[in-house]
Amino acid sequence: MTVRPILIHPDPRLKTLCRPVPAITDDLRRLADDMLETMYDAPGIGLAAPQVGVLARVLVMDAVKEEGAAPRPMVLVNPEVVWASEARSIYDEGCLSIPDQYAEVERPAEVTVRWTALDGSAQEERFAGLWATCVQHEIDHLDGRLFIDYLKPLKRQMITRKMVKLKRDRAREGVKV
Ligand code: K1U
Ligand code: ZN
C-alpha cells in the first residue's frame with residue numbers, strides 16, 4: 001500500500017465530474033488500498049479518488065470517532081444518495097485538499113446511500129451524524145464540488161487565495177503539489 005500525494009485546491013481535477021467505474025479490477029482494489037492508507041496517514045475521515053488525481057467515482061471513509069473503537073474502513077464505488085432527510089445538520093467541515101481551513105456547512109442530517117462494494121455486491125446503508133456529513137462531502141468531490149462552494153463568494157475567494165499562496169510556498173520548498 002502506498003501513500004499518494006493529495007491534490008491541493010485550486011486544481012482543475014478537483015472541479016471535474018468523475019466517471020463511473022465500469023468494473024471491479026485489481027487496479028481498482030489497489031487504488032482503494034492506497035486511498036485508505038493515504039486517508040489514515042493524513043489523517044482524515046474520508047478521501048475521494050479525485051483528491052489523488054484519479055477521476056473515477058470511488059471514495060473511502062472511516063468516521064469512527066470513539067477513542068479505542070475498532071476502525072471501520074469503507075470503500076464505496078459508484079455511490080449514490082437515494083434518500084436524504086428533510087432535517088438538516090451543520091458541521092464545521094475541513095478538507096484534506098484545503099488544509100487548515102474550516103467552515104460550517106449545512107447538509108441533510110441523514111442520507112441513504114447505494115454503492116458497489118469491492119466484491120461487486122450492491123450495498124445500501126443509512127448514514128447519520130458525522131458519517132452522513134462525510135459521505136456527502138466525499139460524493140461532492142466526485143461531482144467536482146468542494147465544501148467552500150457552499151460558502152459566500154468572499155469567504156471562498158479568501159480561502160482560495162490562501163491555498164494559492166500555500167501551493168506557491170510548497171513549490172518553492174520543492175514539495176510536489
Ligand atoms: O475529503 C476530505 O478532504 C477528507 C475530510 C473529510 C471531512 C471532514 C469533515 C467533515 C466532512 C468531511 C477530512 O477528513 S478533513 C480532516 C478531519 O476532519 C479529521 C482529521 C483527523 C481526525 C478527525 C477528523
Ligand atoms: Zn474534501
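Pop a pseudo-label 7 angstrom from the Cα along the beta-carbon direction at both Ala122 and Met158 and give the gap in nm to one decimal. It is 4.7 nm. In order along region 85-93, the phi-based Karplus estimate (6.51 cos²θ - 1.76 cosθ + 1.60, θ = phi - 60°) of 3J(HN,Hα) comes to 6, 6, 4, 10, 9, 10, 9, 7, 8 Hz; Gly and Pro are listed as x.
For region 35-43, the Karplus equation 6.51 cos²θ - 1.76 cosθ + 1.60, evaluated at θ = phi - 60°, returns couplings of 5, 5, 4, 5, 5, 5, 5, 3, x Hz by residue, with Gly and Pro reported as x. Distances between placed amide hydrogens fall under 5 Å for Ala56 paired with Arg19, all partners being 5 or more residues away or on another chain.
Put a dot 7 Å past the Cα of Lys15, heading toward its Cβ, do the same for Ser89, and the two dots end up 3.2 nm apart. Note on the chain: with a GNM built from Cα contacts shorter than 10 Å, the maximum mean-square fluctuation among Val52, Val64, Val135 falls on Val64. Can you compute the FRET efficiency between Leu130 and Asp100 using 1/(1 + (r/R0)^6), with r the Cβ-Cβ distance and R0 = 22 Å? Round to the nearest 0.05. For R0 = 22 Å, the calculated efficiency reads 0.70.
Note the count of lysine pairs whose C-alpha atoms are less than 24 angstrom apart in region 12-170, limited to pairs 8 or more residues apart or on different chains. Value for region 12-170: 10. Note that region 141-151 has calculated 3J(HN,Hα) couplings of 4, 5, 9, x, 10, 10, 4, 5, 5, 8, 8 Hz, one per residue in order, obtained from phi through the Karplus relation 6.51 cos²θ - 1.76 cosθ + 1.60 (θ = phi - 60°); glycine and proline are x. Applying a DSSP loop filter and a limit of 16 other Cβ atoms within 10 Å to the trypsin sites (Lys or Arg not before Pro) in region 1-109 leaves Lys65. Projecting the Cα positions of Ile24, Tyr150, Thr2 onto the charge dipole of the chain (unit charges on Cβ atoms of Lys, Arg, Asp and Glu, taken about the Cα centre) puts Tyr150 furthest along the positive direction.
Taking the centroid of alpha carbons for each part, region 99-139 and region 32-71 are 12 Å apart. Rounded to the nearest 0.05, the FRET efficiency derived from the C-beta distance between Arg168 and Arg30 at R0 = 45 Å is 0.90.
Here, each number is a calculation from the coordinates, and none is a lab measurement. Just so we're clear, the structure is a prediction, and the values are computed from it rather than from any experiment. Note that each Cβ is placed from the backbone with ideal geometry, even for glycine, and that neighbours are counted across all protein chains shown.
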